[in-house]
Structure formats: C-alpha cells, structure tokens
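Accompanying notes for the structure given below.
The values are calculated or read from the model by the stated rules, or taken from the named source; none is laboratory data. Predicted model, so just to flag it, every value in this text is computed and none were measured. Positions of Cβ are backbone-derived with ideal geometry, glycine not excepted, and every protein chain shown enters the neighbour counts. Keep in mind that these areas ignore ligands, DNA and RNA; they rest on the heavy atoms of the full protein, side chains included. Shrake-Rupley method; radii C 1.70, N 1.55, O 1.52, S 1.80 Å.
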Amino acid sequence: MPEVGNSSQPLLPLAELHCHLEATVEPADALRLAKRHGVDISPVLNGAGGYQWNSFHEFLTVYDAVSEVIRTAEDYFEITYSYFTRMAAKGMIYGEVFVSPAHAGRFGVPYPALVDAVASAMEAAENDAGVVGRIIVTGVRHYGAEHVVEVAQSLSDHPHPYVTGFGLAGDEASGQNVDFAKAFAIARDAGMGLTTHAGEILGPESIRSALEHLGVSRLGHGVRAIEDEGLLMELAVRGVVLEVCPTSNIAIGLYDSIADHPVGVLVEKGQTVTLSSDDPAFFGVDLADEYRFVAEAHGYDDAALCGFTKNAIEAAFCDSQTRERLRSKVEKT
Ligand code: HPA
Ligand code: ZN
C-alpha cells in the first residue's frame with residue numbers, strides 16, 4: 001500500500017499548486033545563505049530553530065526579511081533544486097511555485113535570469129528525481145497595482161515554457177481586486193493560467209470579486225467560501241479549483257486546528273479541492289504532512305488522498321502532454 005511521505009516505498013503520489021518559493025528555505029539554509037551574503041537574520045529567528053512572527057502582517061514582514069538572503073541567480077537555483085528534490089523523496093510528482101520578481105529584483109536579479117535559474121533547477125530536479133515543476137510568476141498586492149502590472153509585463157515580454165501561470169500574493173486586504181484587472185488581462189493575453197489569494201484573510205466577497213475582475217480559474221485558499229452557500233454552488237458549477245493549505249490557515253489563526261478546518265466539508269459540498277503547503281519552512285510542515293493531517297482528520301484512505309493529487313493534475317497550469325504524463329504516473333500507483 002502506498003504511504004504518504006514515508007521513506008518506505010512505494011510513496012503516495014503528491015501534487016502541489018500553491019507554494020511560495022522563498023518560503024521553502026528552511027531556517028538552517030537561510031542562515032547559510034545569510035552568512036554567504038553577510039546578512040543578519042537573527043531578529044526573525046526564534047530560539048527553537050524556526051522563524052518568528054505573531055500575526056499575518058508580521059509574517060509578511062518576516063517573509064520579506066528571509067527573502068533577502070536569496071540574492072543571486074545561483075541562490076535561486078540552489079533553493080529550487082533543494083525544494084524539489086527534497087519533496088520528490090516524499091512522493092511529490094508535480095509542484096508549482098510562486099516566484100516573485102519584485103523580491104529578486106531588490107538585489108539585482110533581473111526577470112529573465114530569475115526565471116532561467118528557477119527553470120533550470122526544475123529541469124535538473126526532474127532529471128535527477130522525476131518531479132515536474134512549473135513557475136507561477138507572482139505580484140505582491142501590497143506593493144501596489146503598478147508593480148503588479150510591471151510583473152505581468154515582464155512575463156509577457158519574456159516568455160518561457162516553464163512560466164505557465166500568473167498569481168497575486170501578499171496582503172489580501174490591500175487594494176481592491178478591480179485594481180489588478182489590468183495586470184491579469186496582460187497575463188491572460190500571454191496565455192497564463194490565473195490564480196489569486198482570496199477567501200483566507202477576507203470573506204466570500206473577496207472571492208466573488210476575484211472571479212469577476214481577475215478571471216481566475218483557481219483560488220489561493222478560497223476556504224472562506226464555506227461561509228456562503230450560494231458561492232459554494234457557483235464555485236462548483238464553474239469548476240473553480242481551491243488551493244487549500246490547511247496548516248497555513250491554522251498558523252494565521254483562521255481555524256484553531258485541523259479538526260476545525262473546513263477541508264472535509266468543502267469536499268462534501270462538491271468543491272474541487274487540492275492540497276498545498278503554502279510556506280512550508282515557516283510552518284514546519286511539508287506537503288506530505290498536509291496530506292497526512294487531512295487523512296487523519298477525515299479518515300481518508302489512499303484512494304481519497306490520490307483524489308487530491310488527481311484534482312491538482314487536472315487543474316495544473318501545464319501543457320497537455322505533461323498532464324498526460326502525470327496522469328499515467330498516478331494511474332500506476
Ligand atoms: N500568503 C500571502 N502572501 C504570501 C504568503 C502567504 O502565505 N507567503 C508569501 N506571500
Ligand atoms: Zn500563499
């Protein structure tokens with residue numbers, strides 16, 4: 001019988017659609033990079049070997065501070081290769097990561113070099129460990145709508161086969177969705193799959209307006225749709241896919257525990273649910289843990305867990321040949 005993320009074989013196949021690349025850097029690796037570049041990250045570390053924050057806003061600040069240790073294209077290659085090979089060893093067959101050109105740009109890594117570095121690392125990880133990776137280029141909401149348009153324009157000006165999606169991260173409560181419509185239109189015209197964070201910090205209205213103004217097919221989180229029966233119906237009819245990150249929702253205080261998390265109810269209500277780790281190095285859990293937590297809380301068997309992987313593969317921002325390859329990997333287990 002396949003096992004979730006256990007080193008004994010065979011592994012249950014896992015797929016992830018929502019993970020911020022900068023948040024895959026474990027504290028020990030961040031310290032190593034910090035030393036390389038002469039940066040002090042001690043203020044954001046707690047005494048127990050983890051990152052330290054007390055609220056969602058503080059989390060975003062700490063996230064920016066940790067991102068400052070990633071300064072060169074080589075660093076981007078290193079962290080991407082590390083994440084994908086580590087997760088392949090736990091059963092991950094496909095992963096999309098959010099990559100933020102604004103963070104890379106602060107230290108002079110231009111957009112094309114950033115994308116080349118991350119894509120090359122994904123290619124190397126696929127050759128070495130069989131895991132497939134793709135990039136969702138991401139704007140940061142609280143950096144403003146103009147910045148997000150610039151990010152979308154870079155994406156449009158420099159097409160790359162591994163850049164298959166466009167997203168919006170950061171403080172969900174910053175600005176209105178309509179402010180970002182122009183950026184999403186540019187990305188849509190460039191052929192990108194579209195997703196945005198919505199329905200985690202803010203409620204159902206944020207989801208409705210994301211659908212209306214941004215034309216997304218997936219929602220980063222979207223879990224607060226659970227508060228609105230009509231919206232749940234609409235999401236089910238439209239086939240909107242939820243990138244559910246249980247530990248992240250618990251870490252920011254939206255739910256008290258996995259037992260209180262609505263993932264099971266969302267499934268029962270006909271939503272297309274996928275599972276992701278969001279910021280694994282910040283929360284001290286990875287994708288395999290997320291699958292395991294959800295299985296334990298809801299008594300899901302391997303077939304049910306494989307269902308999350310299949311949902312992710314069907315909703316993945318990848319080409320049809322890659323999707324077919326991934327389908328056959330899951331069928332073989
Ligand atoms: N939520 C929103 N924005 C982010 C996150 C997150 O978990 N991580 C990095 N940017
Ligand atoms: Zn996120």
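Residue under question is R36, and the condition is that it be of a type in the set (D, E, K, R), modelled with pLDDT of 95 or more and either assigned to a loop (DSSP other than H, G, I, E, B) or within 23 Å of R327 (Cα to Cα) (or both); does it hold? Judged against the criteria, R36 is not a match.
Among the residues that make up region 1-19, is at least one of them assigned to a helix (DSSP H, G or I) and modelled with pLDDT of 95 or more?
Pass one, region 1-19, residues assigned to a helix (DSSP H, G or I): none.
Checking region 1-19: not a single residue is assigned to a helix (DSSP H, G or I) and modelled with pLDDT of 95 or more.
Remark: pairs (first residue in region 54-75, under 22 Å from V118 (Cα atoms) and charged (D, E, K, R); second residue part of a helix (DSSP H, G or I) and at pLDDT 95 or above; Cβ separation under 7 Å; 6+ apart in sequence or on different chains) = R71/H37; D75/L33. Taking region 308-328 as the range and being open to solvent by 40 Å² or more (accessible area, probe 1.4 Å) and polar (S, T, N, Q) as the test, the residues that pass are N311, S320, Q321, S328.
Flag not set for T85, criterion: over 17 Å from G5 (Cβ atoms), out of contact with any strand residue (DSSP E or B) (no Cβ under 9 Å at 6 or more places or on another chain) and polar (S, T, N, Q).
Filtering region 37-53 to residues that are away from ligand 1 (no atom under 16 Å from the Cβ) and either open to solvent by less than 40 Å² (accessible area, probe 1.4 Å) or in contact (Cβ under 8 Å) with a residue 12 or more places away in the chain (or both) leaves H37, V39, I41, P43, L45, G49.
Could we say that V69 is open to solvent by less than 60 Å² (accessible area, probe 1.4 Å), at pLDDT 95 or above, within 21 Å of the chain's Cα centre (by Cα) and within 16 Å of ligand 2 (Cβ to nearest atom) here? So V69 fails the test. Taking first residues from region 121-132 that are under 12 Å from L326 (Cβ atoms) and partners that are among the hydroxyl-bearing types (S, T, Y) and modelled with pLDDT of 95 or more, the Cβ contacts under 6 Å between residues at least 6 apart in sequence or on separate chains come to V132/Y94. Restricted to region 97-129, and to residues there that are in contact with a Leu (Cβ under 6 Å, 6 or more places away or on another chain) and within 16 Å of ligand 2 (Cβ to nearest atom), the residue that is nearest to H158 (Cα to Cα) is V99. Screening A30 with (1) modelled with pLDDT of 95 or more; (2) in a loop (DSSP other than H, G, I, E, B); (3) over 18 Å from the mean Cα position of the chain (by Cα) gives one miss only, at (2).
Residues that are among the aliphatic types (A, V, I, L, M) and open to solvent by 10 Å² or more (accessible area, probe 1.4 Å) within region 118-139 comprise A124, A129, listed in sequence order.
Checked across region 86-100, the condition of being farther than 20 Å from Y63 by Cα, surrounded by fewer than 17 Cβ atoms within 10 Å (Cβ to Cβ) and more than 14 Å from ligand 1 (Cβ to nearest atom) holds for at least one residue. Considering region 140-193, the residues that are open to solvent by less than 30 Å² (accessible area, probe 1.4 Å) and acidic (D, E) include one that is farthest from ligand 2 (Cβ to nearest atom), namely D171.
For region 191-200, the condition holds for at least one residue, the condition being that it is farther than 27 Å from H160 by Cβ and within 16 Å of ligand 1 (Cβ to nearest atom). So Y94 passes all but one of these: (1) at pLDDT below 95; (2) touching a Leu at 6+ places or on another chain (Cβ under 7 Å); (3) of a type in the set (F, W, Y). Which condition number does it fail? In the conditions (1) at pLDDT below 95; (2) touching a Leu at 6+ places or on another chain (Cβ under 7 Å); (3) of a type in the set (F, W, Y), Y94 misses (1) alone. The selection criterion, being closer than 23 Å to R292 by Cα, open to solvent by 20 Å² or more (accessible area, probe 1.4 Å) and within 16 Å of ligand 1 (Cβ to nearest atom), does not hold for E3.
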